[in-house]
1. Given R₀ = 22 Å, FRET efficiency for V8-E50 by Cβ-Cβ distance, to 0.05?
2. Could you tell me the accessible area of R54 in Å² (1.4 Å probe, neighbours in place), rounded to the nearest ten?
3. Of E75, E13, E122, which has the most accessible area with a 1.4 Å probe, and how do the rest follow in descending order?
4. Could you order H41, H48, H107 so the one with the most accessible surface comes first? Probe is 1.4 Å.
Amino acid sequence: MRRDSQAVEAMAEALNLAASDDVALPLVRPNYQLAMALRRHLDLVGTHREFVERALATIATDPEEEVRTLLPLTERERAVLFYLPTMASNAEIASALCVSENTIKQHLKSIYRKLSVGSRREAVRVARAAGLLYDVGVSG
């Protein structure tokens, strides 16, 4: 379920707190997705414009630029990543790699964190941009 209005409200509150102390955004890993959320805030809410624009100036706004700072994936994470563009389920990936489905879920969680993404589709996009995945023709 999408929670767009809650996300907008949460961003506004975070900006209120940060701007009231005039501190830089307290971000461990600012990324392209955050830049998109900040731009959306400007479009929908529009508060703290100067503060948000300063923050945006410090964030990579190009996903291709962002991939240069990705955390390295382990060999097993790269093996799981290879399956992400396929229609294989977590159970099918687990079977192919001879591990449990829970292990696959843990690897996915780690991959998503390291790539700063929230879904399989985003992981594939970022991994391709980083040169970690290549389009391979599949014959049927």
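The values are calculated or read from the model by the stated rules, or taken from the named source; none is laboratory data. Note that the coordinates shown come from a computational prediction; the quantities given were computed from them, not determined experimentally. A quick note on method: Cβ atoms are made from the backbone with ideal geometry, for glycine too, and the neighbour counts reach across all protein chains shown. Ligands, DNA and RNA are stripped out before the accessible areas are found, and what is left, the full protein with its side chains, is counted by its heavy atoms. Shrake-Rupley method; radii C 1.70, N 1.55, O 1.52, S 1.80 Å.
1. The computed FRET efficiency comes out at 0.70.
2. Accessible surface of R54 is approximately 110 Å².
3. E75, E13, E122
4. H48, H107, H41
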